[in-house]
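The values are calculated or read from the model by the stated rules, or taken from the named source; none is laboratory data. Just so it is clear, the structure is predicted and the values come from calculations on it, not from any experiment. Note: ideal-geometry Cβ built from the backbone for every residue, glycine included; neighbour counts use all protein chains shown. Remember, those area values only see protein heavy atoms, side chains included, never the ligands or the DNA or RNA. Shrake-Rupley method; radii C 1.70, N 1.55, O 1.52, S 1.80 Å.
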Amino acid sequence: MSKAKAGLLQGTLDMLILKALFLGPLHGYGVGQRIAQISGGELKIEEGSLYPGLYRLERRGWIESEWDVSENNQRAKFYKLTRAGRKQLIVEEQNWERLASATMKALRAN
Amino acid sequence: MSRVKPTVDFIHAWRNPDDIADEVEAELRFHVQMRTNSNIEQGMTPEEARLAATQSFGDFDQVKVSCCEIKRGFPFDLKPLRMGVYIAIACLAGGISLWAVNVPHHNLFSVLWQLIAIAVLMRSFLIGRKRNNPHID
């Protein structure tokens, strides 16, 4: 898959953010880096679109944030997963697996 | 309990819109700064690094506006609340209809009351039905 063409399906960004934060609290920049890292560099999130995604998830109560000091001693807003967010991640993963398997079945049909 | 903080944030966002805008801007600027630092580490000059970071971020002001709007957004699903309002209006109109039916129809005023109450009842029923199923014409 070409990196440039690896666009995201609608709703996938939320799941990826939840997954990135499942591994530990991060600031927004770190979330983007972690998504790139766990996808082996295949998924590159458009940086600006990450923040409305983070704010939406916080509004739904799936993540929460607090200001802290970053690794380079600057003030940064760190996000972490809530209990509701963990449950939501499980639901999203199951939905995604169902969708992916159904799509594969359709593509392999003769 | 996970709804408490979004509700507090929602109230805070409405009471202090400037604080929220400043907070969002600080967060986005931090991102651009981190990207700039990363670009410098990869061998760009500070000017090139800054420019590349700004370009890869996208429309800074638009992202800021979007984030502020989400912060000020209502933290609950409005559909059940809207349904509740329609049910309350329908109940009220129904109550008035019952009352109007029991009023002796000696004068034009009581008949008028009855017609208005029935019209409101029908209207709230139709609006409620349409909102819950937008495919109904």
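Report the dimensions of the stretch B:1-116 along its three principal axes from the alpha-carbon atoms, largest first, rounded to Å.
Rounded to whole Å, the extents work out to 92, 30, 21 Å.
Rounded to the nearest 500 deg cm²/dmol, what is the calculated helix-only ellipticity per residue at 222 nm for the protein assembly as shown, with -39500 (n - 2.57) per DSSP H run of length n ≥ 4? Mind showing how you got there, number by number?
Details: 10 runs with 173 residues, N = 247.
Calculated from helices alone, the mean residue ellipticity at 222 nm is -23500 deg cm²/dmol.
Leaving out same-chain residues fewer than 8 places away, which lysines sit with a Cα under 16 Å from that of B:Lys79?
Counting by Cα, and skipping residues close in sequence, B:Lys79 has these lysines nearby: B:Lys130.
Across peptide A:55-65, how many C-beta atoms of other chains are within 10 Å of each residue C-beta, on average?
5
If you line up the long axis of helix A:12-22 against the longest principal axis of chain A, both from Cα atoms, how many degrees apart are they, to the nearest 10?
In chain A, helix A:12-22 runs at an angle near 50 degrees to the longest axis.
Compute the semi-axes of the equivalent ellipsoid of the protein assembly as shown, taking the square root of 5 times each eigenvalue of the Cα gyration tensor, and list them largest first in whole Å.
Ellipsoid semi-axes (Å, largest first): 49, 24, 16.
Taking every residue in A:76-83, how many Cβ atoms of other protein chains lie within 10 Å of its Cβ, on average? Numbers along the way, then the final one.
Values: counts 6, 6, 0, 0, 0, 0, 3, 2.
Going residue by residue through A:76-83 and averaging, the value is 2.
Given a cut-off of 23 Å, name the pairs among B:Lys5/B:Lys64; A:Lys77/B:Lys64; A:Lys44/B:Lys5 whose C-alpha atoms lie farther apart than that in the structure shown. Before the final figure, lay out each step's value.
Numbers: B:Lys5/B:Lys64 21 Å; A:Lys77/B:Lys64 15 Å; A:Lys44/B:Lys5 30 Å.
The pairs that break the limit, which is 23 Å between Cα atoms, are A:Lys44/B:Lys5.
Pairing the Cα long axis of helix B:4-15 with the longest principal axis of chain B, what angle in degrees results, from 0 to 90 and rounded to the nearest 10?
It is inclined by approximately 90 degrees.
Using a 1.4 Å probe and counting only protein heavy atoms, arrange A:Thr82, B:Thr7, B:Thr45 so the residue with the most accessible area comes first. Don't jump to the answer; show the numbers that get you there.
Numbers: A:Thr82 15, B:Thr7 40, B:Thr45 60 Å².
Of A:Thr82, B:Thr7, B:Thr45, the descending order of accessible area is B:Thr45, B:Thr7, A:Thr82.
When the gyration tensor of chain A is built from Cα positions, what are the square roots of 5 times its three eigenvalues, in whole Å, from largest to smallest? Walk me through the intermediate numbers first.
Working: eigenvalues 153, 57, 22 Å².
Taking √(5λ) for each eigenvalue gives 28, 17, 10 Å, largest first.
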